[in-house]
Amino acid sequence: MTQPSEAPARRPADAEQLDVAIVGAGFAGLYMLHRLRKLGFRTRVFEAASDVGGTWFWNRYPGARCDVESMQYSYSFDEELQQEWRWSERFAAQPEILRYINHVADRFDLRRDVVLDTRIASARFDEATACWTLQTQGGERIVAPFCIMATGCLSAARLPDFPGMADYRGKILHTGQWPHEGVAFDGLNVAVVGTGSSAIQSIPPIAAQARHLTVFQRTPNFSVPARNWAMTPEYEERWKRDYAALRQRARAETRSGTIYEFSDKGALQVDAQARKAEYERRWQKGGANFMHAFNDILVDRQANDTAADFVRDKIRETVADPERAEALLPHDHPLGTKRICVDTDYYETFNRDNVSLVDIRATPIETLTEAGLRVGGRDYAFDAIVFATGFDAMTGALAAIDIRGRDGLALKQAWASGPRTYLGLMSEGFPNLFTITGPGSPSVLSNVIVSIEQHVDWIADCLDHLRQAGIRTIEPEPEAQEEWVAHVNEVAHRTLYPQANSWYMGANIPGKTRVFMPYIGGVGAYRQICEQVAANGYRGFRLMPAPGADRLESLSVAS
Ligand code: NAP
């Protein structure tokens, strides 16, 4: 393992000039920096947190773990890196992933261009100079012709705005902003609000520590067991022997950028006994591989019902108290249309004496009180309340920055009825502003590192091309954007996904327009589309040449 090399970059001088400003130092921003630096662009990354890591910096709640296997949830851009790094488990836990990101930052000497503790408050495009001016919360300005938002899809943590939040005297925690010093729950009476992936991971370890844990559930969720195991030399070797080819397969031939055991059969093409045997086999192996038992689970409601029934039966088998089991059964959405959860002992935890479940579907939380919270007129007292209430997904981190494009157009305004992008990479009216894994791209429906690498490589190649061709601005053509938005929507509606009130639909945020945000066409097909667009002279983008030689200065190649 490399030693931390460089101190973090110095703070920006006022009106610092760059070729490209990157916002966010997670997996996306770090790799973007690496690529652009190699191409000779003057680039820096601005990061609100006190260290690199993005989502893995913030989500330190007990039990936080990736549900994509670690051999696949890692960068593929450097053969030596992927050969030398050794994962300790099938599904890596948050501390290990954060160590990995730090290792990458050091190994590629990235820290010297990452400015930490610096939140970007606004970004404005100036038509006359064709430059973006970013302003930090501290008032410093950064000027660059190109700006890349690597701000993440699940990074704007959301606390519900219950009345009385300020009155509560105990500890308020959000899984997505977990205190770095950790939280000792021993002897405490704790509440968890929410039953999404973060809750399902954190509930078992919190229950094991706390005196009592009360789970407040609005919507029961489907979860499959992780069956995590310590990495074996054989498994590691199997991947590493053929890493480049396997990564290529994940990129080009899969929908989710992850290699699973795919099936070429529909669920109703086999008889009930064979179907159950297949579900059981996958349930025992663990992980999201369960979703691939048959090839129509996410497109055919009847097929989906067979998988959903199987999981509901498992919940009934696992949870001893039949009434409680019934309360945990998901009924309101097809399996997988809210992101499938992957757990360790989630349902088993409801057999513990120190765990209670409160259904808040019919009677929501009314208010927080000094001592706890009130539901249906009943007061509950807690030492700590953990909000596992999710994120303003996909658009929240962008909306938190006051982004103004051509003629002062606010991104929030342009996206008021749902995000509008071309390929999830750019939005009309916002020249030279790129989003990595933005809405309208596969992003959250994929192994996000695969999607990050694809976007970063595409953007890096694009900027290199623009520089060589003397292009000053790039921006989607309105018609190309309209067609893409319609296509994203149309493909989504061929599946069962829009049937769920999910964060994919913006349904978890009161008042947010409901539209299916990620592109469901699959990473392989999407990559081809992006490559064809580039090969055809960036078809669908308007490329405007610079009026004079100024452009060559503003896009100077660092010596
Ligand atoms: P989430 O899936 O949005 O779940 C939020 C939970 O809080 C839901 O149960 C929701 O209920 C509940 N909730 C929200 N507002 C509420 C309110 N006002 N009152 C009561 N309940 C409320 O968020 P998350 O669990 O943080 O997960 C988000 C995504 O992050 C995941 O889907 C996944 O993509 C990613 N993630 C991945 C991992 C992993 O790799 N293992 C782990 C954690 C997160 P409703 O369902 O009724 O809205």
- Item | Single match in D161, D117 (criterion: out of contact with any strand residue (DSSP E or B) (no Cβ under 7 Å at 6 or more places or on another chain) and at pLDDT below 95) | D161
- Note on the structure: Restricting segment 116-130 to residues that are crowded, with 23+ Cβ neighbours inside 10 Å and of a type outside the set (S, T, Y), the one farthest from the ligand (Cβ to nearest atom) turns out to be F125
- Query: When segment 141-158 is examined, which residues are found to be surrounded by fewer than 19 Cβ atoms within 10 Å (Cβ to Cβ) and either modelled with pLDDT under 95 or within 27 Å of the chain's Cα centre (by Cα) (or both)?
  - Reply: R158
- Condition test on Y243, is it more than 25 Å from the chain's Cα centre (by Cα), farther than 23 Å from Y380 by Cβ, modelled with pLDDT of 95 or more and away from the ligand (no atom under 11 Å from the Cβ)? no
- Note on the structure: Only one of S70, S88 is under 27 Å from R251 (Cβ atoms) and buried (at least 21 other Cβ atoms within 10 Å of the Cβ), namely S70
- Note on the structure: Considering segment 346-365, residues that are assigned to a helix (DSSP H, G or I) and within 16 Å of the ligand (Cβ to nearest atom), and then whichever is surrounded by the most Cβ atoms within 10 Å (Cβ to Cβ), we arrive at Y346
- Out of all the residues in segment 366-382, which are of a type in the set (A, V, I, L, M) and away from the ligand (no atom under 14 Å from the Cβ)? A371, A381
- Message: Given (1) in contact with a strand residue (DSSP E or B) (Cβ under 7 Å, 6 or more places away or on another chain); (2) surrounded by 14 or more Cβ atoms within 10 Å (Cβ to Cβ), identify the lone condition not met by G257.
- Response: (1)
- Task: Determine if segment 88-105 includes at least one residue that is outside any helix (DSSP H, G or I) and either modelled with pLDDT under 95 or among the β-branched types (V, I, T) (or both).
- Result: no
- Taking G521 as the residue in question, decide whether it is closer than 24 Å to S197 by Cβ and at pLDDT 95 or above. yes
- All positions within segment 405-430 that are surrounded by fewer than 21 Cβ atoms within 10 Å (Cβ to Cβ) and of a type outside the set (G, A, S): R406, D407, L409, K412, Q413, W415
- Message: Give me the strands (runs of 3 or more DSSP E) completely within segment 136-240, filtered to those with at least 1 residues that are within 11 Å of the ligand (Cβ to nearest atom), ordered by residue number.
- Response: 171-174, 189-193, 212-217, 223-225
- Counting only residues that are out of contact with any helix residue (DSSP H, G or I) (no Cβ under 8 Å at 6 or more places or on another chain) and in a loop (DSSP other than H, G, I, E, B), which one in segment 510-528 is nearest to the ligand (Cβ to nearest atom)? P510
- Item | Scope segment 48-70; condition out of contact with any Ser or Thr (no Cβ under 7 Å at 6 or more places or on another chain), assigned to a loop (DSSP other than H, G, I, E, B), within 15 Å of the ligand (Cβ to nearest atom) and hydrophobic (A, V, I, L, M, F, W, C); matching residues | A64, C66
- Within the bounds of segment 450-463, is there any residue that is in the same structural domain as G521 (by TED's automatic domain parsing), part of a loop (DSSP other than H, G, I, E, B) and at pLDDT 95 or above? no
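The values are calculated or read from the model by the stated rules, or taken from the named source; none is laboratory data. On a predicted model such as this, the values are computed, not experimentally measured, just so you know. Reconstructed Cβ throughout: ideal geometry from the backbone, glycine too, with neighbour counts over all protein chains shown.
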